[in-house]
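Trainee: Here it is: the structure, laid out below.
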Amino acid sequence: MASLAPTFGRGAMTNHWVDIKNADVILVMGGNAAEAHPCGFKWVTEAKAHNHATFIVIDPRFTRSAAVADIYAPLRTGTDIAFLGGLINYLLSHDKIQHEYVKAYTNAAFIVKDGYSFDDGLFSGYDGATHKYDKSTWAYEVGPDGFAKVDETLQNPRCVMQLLTQHFSRYTPDVVSNICGTPKDLFLKVCDTIATTSAPDRTMTILYALGWTQHSVGSQMIRTAAMAQLLLGNVGMAGGGVNALRGHSNIQGLTDLGLLSNLLPGYLTLPDEKEPDFKGFIAKRALKPLRPGQMSYWQNYEKFHVSLMKTWFGKAAAKENDWCYDWLPKLDKVYDVLMAFELMHQGKLNGYFCQGFNPLGSIPNKAKLIDGLSKLKYLVVIDPLATETSCFWENHGEYNDVDPSKIQTEVIRLPSTCFAEENGSLTNSGRWLQWHYKGAPPPGDAKPDADIMAGIFLKLKELYQKEGGAFPDPILNLSWDYKIPRSPAPEELAMEYNGKALADLIDPKDKTKTILKKGQQLDGFAQLMDDGSTACGCWIYAGAWTEKGNMMARRDNSDPSGLGNTLNWAFAWPANRRVLYNRASCDLSGKPWDPKRKLIYWDGSKWTGADVPDFKPDIEPGNSMNPFIMQPEGVGRLFGLDKMAEGPFPEHYEPFETPIDTNPLHPKVISNPAARVFKNDMEAFGKSKDYPYAATTYRITEHFHFWTKHTRLAAILQPEQFIEIGEELAKEKGINAGDRVKVWSNRGFIKAMAVVTKRIKPLQVNGKTVHHVGIPIHWGFKGIAKSGFLANTLTPFVGDANTQTPEFKSFLVNIEKDRR
Amino acid sequence: MKNDQNTIIRYTPSERANHWVSAITFILLALSGLALFHPAFYPLTQFFGGGVWTRILHPFIGIVMAISFSIMFSSFRQLNVMTPADREWLGHVREIAAGNERNMPESGKFNGGQKVVFRLMVSCMVLLILSGIVIWRSYFAFMFPRAVIRLSSVVHAVSATIMIAVIMFHIYAGIWTKESIDAMLYGRVRRAWAKQHHAAWFRQMTGGK
Amino acid sequence: MALQSLDITRRSATTIPSPSQRQTPEVAKLIDISKCIGCKACQVACMEWNDTRDVVGTNHGVLDNPMDLSENSWTVMRYAEVQTDRGLEWLIRKDGCMHCANPGCLKSCPAPGAIVQYSNGIVDFHEENCIGCGYCITGCPFNIPRLSNKDSKVYKCTLCSDRVAVGLEPACVKTCPTGAIVFGTKEDMLHHAEGRIADLKSRGFADAGIYDPKGVGGTHVMYVLQHADRPALYCGLPKDPSIGAMVGLWKGAAKPLASFALAAGALGAFLHYVTKGPNKVSEEIEKEFENEK
Amino acid sequence: MQVTRRQFFKVCTGGLVTSSIAALGFSPAKALAEVREFKLASTTETRNTCPYCSVSCGLIMHSMGDKAKNAELSIFHIEGDPDHPVNRGTLCPKGAGLLDFIHSPNRLRYPEYRAPGSNEWKRISWDEAFDKVSRLMKNDRDKNFVAKNDAGVTVNRWLTTGFLAASASSNESGHVTHKVVRSTGILAFDNQARV
């Protein structure tokens, strides 16, 4: 996500599940859609069956996705940037880009500021002491008019196109093959197939998931793919795009709602402590257009923010107090979950809440997690299931070898309902908000999450009312006018985040017209105001529950265009658009690049078609407004400016635990120079001489994370923990299929059954044979399935430099037959 | 039949008891086996408490019969050695069937026909037991490949058919040859009967008188 | 439902014909192995719909689990990693009852009505009539039925006869995420298969074809195979399955022949008795012993 | 003797003859066959969304009971919603087995408390639970709340307690959770987006 927003403007799957059927080429890389998203994957098989699509899978393992692929190519885990960089080089050097698209809809023509450079693995501005970049040179040349300079001929040596070509020229097929271990002929075959989609009437979709994000350079892997898609002209097209397949049913929704350390709902951001002033805070975010005529939609930032504050604090939020600006906590750094556990480990965190989240299984380095949780004063777990986290203090033999009497943490475990026992909406990967209904009461005394939060909050508020205490204002003034305060109804909450008019809204064009009366639900975010006359809990969700009712519960599945955009099914943010950036599916004159994929078109007076235009509906073609309306420059970014931690162009860096001990591109800069590594975690990295095998963790199709080990039907399908190794490694180590093996890293060991397979083959990398060890997660010390080890016992505590997503996909282990 | 001078002992009480164990178990096996063999005979399962009980009981009854039969086999084995006279007897089998016993050579305790029956029964019994174990689904069938089970099913059916036919013949012979059943019921036969049907044995038992 | 009991083509161990005037379309399930990702959703849907739960077992060094069909698992995925001229192929076959037009199980079954074949082609077990002899296991050319240890009855895929009876597709078909399993009239399924085979051929699978073996009269569960010339690649799918000579003999010729032989024997004995009379002790010998009385 | 003969006659010959007649077509065996009763004939159907991955497949949940006052609904079967544009009735192995998730023996039923150093859970009431949690929060917040940073800037943050939000709870829960958490000044706030 943290790379899609810098590239396109929004951090979400560009297209949606059904749209995959429109693709001509489907690339699954950094993911395994067939196993992790089988029902979404059906649209891949539909594209193959009805569109004669070619399906490519690139993965260290021959996965279930590969089982139905037309082309499968192996690569070493963690080397995707090298592979995709090689692809970009191929596209540029073979002139397989969609020229018109690249010139008009990307920043290829933009001139980059003097001083920007890339040399021997580092971009300009690196500070080796802080492991951070001064990014001031990663910018456009701005003219006196305040607009970025461009060279339409793309010939200027400082233009993005030229810098891009230069940057990726190092990624030759031989270099790619040497780093990735992919046979050169296979690599070229993949490039050749992908290159066909540079034609305007062919598209490729890319489906990825945590196979990209869970690397120390995960965001840049995604960015490389996004850049390739821009070069091919596949973004905004039906059957195109870069599609992040989110892991959980509502992780898209909870991210949209900003439940992250530094975010507020709708991708608004919390202020930093260096932003004491509200005006400055807004000014920095309400981005002015960088090119003439651009929409630069974030210009409306203040409307979104003020409406949010009105929702949260009601009357207390007023212009006079900068809409309660001071009530918002100010960041000094980002407190992501890795940081939280580091603080816990240091004894700096006293209390922790886990709501429907099992970090003991999901965050790397279990030993460190147990240590941290044991240092807490209190832990509150809200969950439908008996998770490992809630039971971290229980001794379960070698699976969880702790001494309860030595753990002083108070643990309170609160039973919550599951999906079947409540009304509400979930946002899927394709940004659809879909409403669901309660089918039965919960077991025992379990309560919905909202009721539990209300119960805790009302008690806390009562205590502050009675006793006073530290800065009680936001708690005492939090708006809470639900009909039953201890049990806010999902319907009320949905109406609240959609937003409503707090005063009559008058049409600015015709003062005699009232758009909405006071108290009415908003139709969409276009109605938001920055004067406190509207309230909206999440601006991108405006339109979900309007005066017409619950738009998320709509169930008309008609698809008149045949492209799969069922506009009257549920509600998709933003503004019910199904394919983001769909203006880019038409050429400059407003004619679809491909008449078969007529998402939207200019009908002479407005934009219309099978989708809601992701564009100002009445702006004529030929006008300078460009399709990427969230970007100040209006175009997709090949050059990423200062939005990424490690550089404006992606560069291949090795995983922190690399089996080859070097980076063949620049041996002095081996791994991500901008990654955040805590001191003790650096010491816990293993070296290839002790841990010679590249390991990767993953999900298998039979299970869902650590939930389904509690369900009998799933436990039947894969009852017992196993790891996967290739036949060659098995032979070397004297391991037979069905043997019990021990796998260990510098952080701990697990024992599991060995599945020996032809599907994992040794790769030749930089003159070395690299074997992979595949480690499915899913087992633990609680559940109906056989007890097993939490796989994160093995994994390193380091995250991506932008998102702090842990590097679960590339680390080093050793393995032997368990001779017990 | 009185234990007088007119009679001689043909079967001891234990031989008789064992014979009837075999006979009864055979009847039960034949009825239950036929019930499972051809749908027309399926109603016979009612004698056993229905299809499931028939399936359960049949192999256990088979084991009882096998034990009983093997005891009978060991006690009659010596008496069933085929002699040249028996072969000659068999050569005249059509005459005796027509009721003409004049040209028949003298028989010992068992005539040639009875010895053939004995051999057939023993062979069938061995085949039935072996094939029966193979197709006994509850305990043994899972140990064998399906091809072996299929072969055994055929062997079981064919040998059972032969067995039933032979025993029908055996029973008919007992009915047709009047007073024979006395031997198996009471153990004794009239001297006249013995001389008529088993002259050599009669001589052996009485010294010719 | 009552009508359904009339829509029967064949019943096990029944010599009289079933009411057979109604003509319902023949149905079929088509399993396209080239689309199968081996997710096992069909296994779950099957257990969930039929209210069975297999045991939570152990890992055996492969992804298959449960390892084999059982009285609770009426379908299992079988995974084969095969090296062909195209490189590595992962051929994953959903195993289960094929619903033969000429079912070996039904032929072998001694219990009347324990196995029936509906006019729509489904071969169904009626456990209440099953006596647990396991003859169907012996008779099946695909090694499908499994005997329960709990109740000594035999179980297998019903092709969701209860769902099909009310006009729904089987549970496994409905759930299949990739559409590798489809369901319809047999005619439509053959047509669907043609399209799939053409697609596979265009992708270089020259030997793609349908598996609808004639040796058992065709089946109501069919496969689309990438390598139809080598069904054994798919975890030993038999090339030319048939009921087999032994089962044919056992359940075919042997039944009437043996019955008639025995009946003839009995009749012969009776006729012999009434024509030739009993074999009594001769008058001469009776006289000889007369004195002794 | 005569009687005995007749018995044999009856059992053997007679029995076989009648059986043979039966074999010619007069079988008395009656074989009725019916399919299993269709179990969804009358259920309460509820539309829902699969809580696992982000495909968000449509579900139809079938519950026992007709929502009459005295009947407690219990879900006994779940299958895909055929009208849903994405899954069109299909479900993956996890989704197809959702029934066993709802009825997992490891579902939590009551609030529970584990005291420091204890080796067991103690069942508590919701009131006790809310009391305990809010008291622990308030004590920690009052003690460690940072109103101004070292530079004297108002920061109003509470850094000693953290909150991990769910990944599968509804938007409505997420909305109200965010409201509550931010009102306390918590910054160590995260969800499962990363993992």
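What follows draws every value from the coordinates through simple rules; no lab data is involved. On a predicted model such as this, the values are computed, not experimentally measured, just so you know. Neighbour counts are summed over all protein chains in view; Cβ atoms, including those assigned to glycine, are modelled from backbone coordinates with ideal geometry.
Trainee: Counting only other chains, and only Cβ atoms inside 10 Å, what mean value do you get across the residues of A:255-268?
Mentor: Average per residue, whole number: 5.
Trainee: Dipole magnitude of the protein assembly as shown about its Cα centre, charges +1 at Lys/Arg Cβ and -1 at Asp/Glu Cβ only, in debye to the nearest 20?
Mentor: Computed about the Cα centre, the dipole is about 4380 debye.
Trainee: Quick one: angle between helix C:41-50 and the longest Cα principal axis of chain C, in degrees between 0 and 90, rounded to 10, please.
Mentor: That helix lies at roughly 50 degrees to the long axis.
Trainee: On a C-alpha basis, how far is the centre of segment A:386-452 from the centre of segment D:58-137 in Å? Whole number, if you could?
Mentor: 9
Trainee: Now, a different point. Which residues among segment A:234-255 fall inside the zone where the amide N is under 17 Å from a point 7 Å beyond the Cα of residue A:100, along Cα→Cβ?
Mentor: A:234-238
Trainee: State, to one decimal in nm, how far the label point of residue A:315 lies from the label point of residue A:129, with both points 7 Å from Cα in the Cβ direction.
Mentor: Going from the residue A:315 label point to the residue A:129 one covers 5.4 nm.
Trainee: If you average over every viewing direction, what projected area does the convex hull of the Cα atoms of chain A give, in nm²?
Mentor: Mean orientational projected area (chain A, Cα hull): 34.1 nm².
Trainee: Same structure again: Sort C:62-75, D:80-93 by the packing proxy (mean of other Cβ within 10 Å over each peptide's residues), most packed first.
Mentor: D:80-93, C:62-75
Trainee: Can you grab the distance from the C-alpha centre of segment B:129-208 to the C-alpha centre of segment A:73-88, Å, no decimals?
Mentor: About 81 Å separates the Cα centre of segment B:129-208 from the one of segment A:73-88.
Trainee: How far is it, in nm, from the label point at residue A:192 to the one at residue C:264 when both lie 7 Å from their Cα along the line to the Cβ?
Mentor: So the label points at residue A:192 and residue C:264 sit 7.3 nm apart.
Trainee: Which shape class, rounded, prolate or oblate, goes with segment C:160-223 when its Cα gyration tensor gives a ≥ b ≥ c as root eigenvalues, a/c under 1.5 marks rounded, and past that a/b bigger than b/c marks prolate?
Mentor: Since a/c reaches 1.5 but b/c is at least a/b, the shape of segment C:160-223 is classed as oblate.
Trainee: Would you mind ranking D:69, C:255, A:616 by Cβ crowding within 10 Å, fewest neighbours first?
Mentor: By the 10 Å Cβ count, ascending, the order reads D:69, A:616, C:255.
Trainee: Per 10 Å bin from zero, what fraction in whole % of the C-alpha pairs of segment C:154-293 is there, up to the bin with the longest pair?
Mentor: The calculated distribution, bin by bin, is 9, 21, 21, 13, 8, 8, 7, 6, 5, 2, 0.
Trainee: Please give the charge dipole size of segment B:101-209, origin at the Cα centre, charges +1 on K and R Cβ atoms and -1 on D and E Cβ atoms. Round to the nearest 20 debye.
Mentor: Around 220 debye, computed over segment B:101-209.
Trainee: Moving on to the next point. Shielding of A:489-496 by partners, i.e. mean partner chain Cβ atoms within 10 Å per residue?
Mentor: Other-chain Cβ atoms within 10 Å of each residue's Cβ, averaged: 3.
Trainee: Let me ask another. Under a plain spin-label model, where a point goes 7 Å from the Cα along Cα-to-Cβ, how far apart in nm are residue C:20 and residue D:74?
Mentor: Result: 4.5 nm between the two label points.
Trainee: Moving to a separate point now. Sequence neighbours fewer than 8 away in the same chain don't count; with that in mind, list the aspartates and glutamates whose C-alpha is under 19 Å from residue A:375.
Mentor: A:336, A:342, A:388, A:394, A:401, A:403, A:410, A:681, D:120, D:140
Trainee: Same structure again: Quick one: if the Förster radius is 60 Å, what FRET efficiency do residue C:60 and residue B:64 give, using the C-beta to C-beta distance and rounding to 0.05?
Mentor: For residue C:60 and residue B:64, the calculated efficiency is 0.90.
Trainee: Another question, if that's okay. Starting from the amide H of residue D:77, placed 1.01 Å from N in the peptide plane, find each other amide H under 5 Å away whose residue is 5 or more places distant or on another chain.
Mentor: When sequence neighbours closer than 5 places are left aside, the close amide H contacts are D:62.
Trainee: In whole angstrom, how far apart do the alpha carbon centroids of segment A:129-202 and segment A:759-820 sit?
Mentor: First find each Cα centre; the distance between them is then 32 Å.
Trainee: Let me spell out the model: positive unit charges on the Cβ of Lys and Arg, negative unit charges on the Cβ of Asp and Glu, origin at the Cα centre of segment A:679-817. What dipole size does that give, in debye rounded to 20?
Mentor: Rounded to the nearest 20 debye, it is 240 debye.
Trainee: I'd like the FRET efficiency for residue B:94 and residue C:148, computed as 1/(1 + (r/R0)^6) with the beta carbon distance as r and R0 of 56 Å, rounded to 0.05.
Mentor: In this case the efficiency is close to 0.50.
Trainee: From the square roots a ≥ b ≥ c of the eigenvalues of the alpha-carbon gyration tensor of segment B:101-209, which class results: rounded (a/c under 1.5), prolate (a/b over b/c), or oblate?
Mentor: prolate
Trainee: Under the Kirkwood approximation applied to all pairs of distinct alpha-carbon atoms, what is the hydrodynamic radius of chain B in Å?
Mentor: Across chain B, the inverse of the average 1/r is 18.8 Å.
Trainee: If each residue's Cβ is checked for other Cβ atoms within 10 Å, how do A:569, A:212, D:126 rank with the fewest at the top?
Mentor: The most exposed by this proxy come first: D:126, A:569, A:212.
Trainee: So, one more: Sort B:149, B:63, A:407 so that the residue with the fewest other Cβ atoms within 10 Å of its own Cβ comes first and the one with the most comes last.
Mentor: B:63, A:407, B:149
Trainee: So what are the ³J(HN,Hα) numbers for segment A:217-230, from phi and the Karplus equation (6.51, -1.76, 1.60; θ = phi - 60°), rounded to whole Hz, Gly and Pro as x?
Mentor: 3J(HN,Hα) across segment A:217-230, in whole Hz: 10, x, 4, 6, 4, 5, 5, 4, 5, 4, 5, 4, 5, 5.
Trainee: Convert each backbone phi in segment A:204-214 into a coupling constant with the Karplus relation 6.51 cos²θ - 1.76 cosθ + 1.60 (shift: θ = phi - 60°), then list the ³J(HN,Hα) values in order as whole Hz, x for Gly and Pro.
Mentor: Those phi angles translate into 10, 10, 10, 10, 9, 8, 6, x, 9, 5, 8 Hz.
Trainee: With θ set to phi - 60° and the Karplus curve 6.51 cos²θ - 1.76 cosθ + 1.60, what are the ³J(HN,Hα) couplings of segment B:9-14 in order, to the nearest whole Hz, using x for Gly and Pro?
Mentor: Taking θ as phi minus 60°, the curve returns 6, 10, 10, 6, x, 5 Hz for segment B:9-14.
Trainee: Name the residues whose placed amide hydrogens come within less than 5 Å of the amide hydrogen of residue A:586, ignoring near sequence neighbours (fewer than 5 apart) on the same chain.
Mentor: Those lying under 5 Å, H to H, from residue A:586 are A:593.
Trainee: Return the long-range amide H neighbours of residue A:779 (sequence gap of 5 or more, or a different chain), with a cut-off of under 5 Å between placed amide H atoms.
Mentor: A:791
Trainee: Considering only the other residues whose Cβ falls under 11 Å of the Cβ of residue C:139, what net charge follows from Lys and Arg at +1 and Asp and Glu at -1?
Mentor: Combined, the nearby Lys, Arg, Asp and Glu give +4.
Trainee: Hey, with R₀ at 56 Å, roughly what FRET efficiency would residue B:203 and residue B:142 work out to, going by the Cβ-Cβ distance, to 0.05?
Mentor: It comes out at approximately 0.50.
Trainee: Divide by every residue of the protein assembly as shown the summed helix terms, -39500 (n - 2.57) for each DSSP H run of at least 4, and state the resulting mean residue ellipticity at 222 nm, rounded to the nearest 500 deg cm²/dmol.
Mentor: -9500 deg cm²/dmol
Trainee: Say the dipole of chain C comes from +1 at the beta carbon of Lys and Arg and -1 at that of Asp and Glu; which of C:96, C:132, C:114 then lies farthest toward its positive end?
Mentor: C:96
Trainee: Also, I was wondering about something else. Inside 10 Å of the C-beta atoms of A:46-53, what's the mean count of C-beta atoms belonging to other chains?
Mentor: Per residue, the number of nearby Cβ atoms from other chains is 3 on average.
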